[in-house]
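Values quoted throughout were computed directly from the atomic coordinates according to the rules given, and no laboratory measurement underlies them. Small disclaimer: the values here were computed from a predicted structure and weren't measured. A quick note on method: Cβ atoms are made from the backbone with ideal geometry, for glycine too, and the neighbour counts reach across all protein chains shown.
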Amino acid sequence: MQEEQEFIQELLNPKTQNQAFEKLLKEYQRPLYNHIRNIVLDHDDANDVLQNTFVKVFQNLNKFKGESKLFSWMYRIATNEALTFLNQKAKKNGVSSETLQNKTIDNLKADVYFDGNDIQIKLQKAIVLLPEKQQLIFKMKYFEELKYEEISEILGTSVGALKASYHLAVKKIEAFVTKN
């Protein structure tokens, strides 16, 4: 924790800020991209949201209170940016978020950055049917292999509630995959 506080001070100090932010980018760019990509599904959209996320992180570093880990704080920003992006994109296209996500899933096979198969497409279709919070919890636990405690910090939900939501999500996905 002491090491993280020193790093945050480097990020806030104008003399060390650029070098510290480069280190931040290097360390968190890949995991944040993967997290965002799990939410928005499209590679180009994920890159756009990732850029917005790092801009927000940079602009708001002085507001980071250290009540959570830097990792959790940045994941929360990335999550909010991704969800906002999806809602704005759906609104702009005059469709629901679910319709937009289904359309994106249908386009995944043509995406050169997607290396999944038909089973993974079916899994994505099942995930879209879940409520938004269950989607997030399932994706963070299943794809990103985050611990419940980390997800709890990111989403501001109790560990018990997360476990229950994850369990429900798994049951719904199993039912969808079995039925289809």
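GNM, the chain, Cα, under 10 Å: largest mean-square fluctuation among Gln124, Gln101, Gln19? Highest fluctuation among the options: Gln19. Here the simple spin-label model places points 7 Å from the Cα toward Cβ, and for Glu145 and Gln51 these points are separated by 3.1 nm. Looking at segment 112-177, the GluC sites (Glu not before Pro) that sit in a DSSP loop and have at most 14 other Cβ atoms within 10 Å of their own Cβ are Glu144, Glu145. Within the chain, the longest run free of trypsin sites (Lys or Arg not before Pro) that sit in a DSSP loop with at most 10 other Cβ atoms within 10 Å is 66-180. As a length-normalised measure over Cα pairs under 8 Å and 6 or more apart, the relative contact order of segment 118-180 settles at 41 percent.
Relative to the longest principal axis of the Cα atoms of the chain, the long axis of helix 43-60 makes an angle of roughly 30 degrees.
Using Cα atoms only, what is the angle between the long axis of helix 97-107 and the major principal axis of the chain, expressed in degrees (0 to 90) to the nearest 10? Compared with the principal axis, the helix lies near 80 degrees. Projected label points at Gln59 and Asn102, each 7 Å from Cα along the beta carbon direction, are separated by 3.5 nanometres. In plain terms, the chain from Asn180 to Glu27 could stretch by 51.1 nm, reckoned as 0.36 nm per residue minus the Cα-Cα distance. If only the Cβ of Lys and Arg carry +1 and only the Cβ of Asp and Glu carry -1, the dipole of the chain around its Cα centre is close to 580 debye. Fully extending the segment from Gln9 to Leu129 would add 38.9 nm, taking 0.36 nm per residue of separation and subtracting the current Cα-Cα distance.
A simple spin-label model places pseudo-atoms 7 Å from Cα toward Cβ; at Ala161 and Ile119 they are separated by 3.4 nm.
Exactly which GluC sites (Glu not before Pro) in segment 19-76 are in a DSSP loop and have at most 10 other Cβ atoms within 10 Å? Here the GluC sites (Glu not before Pro) that fit, given the DSSP loop and packing criteria, are Glu67.
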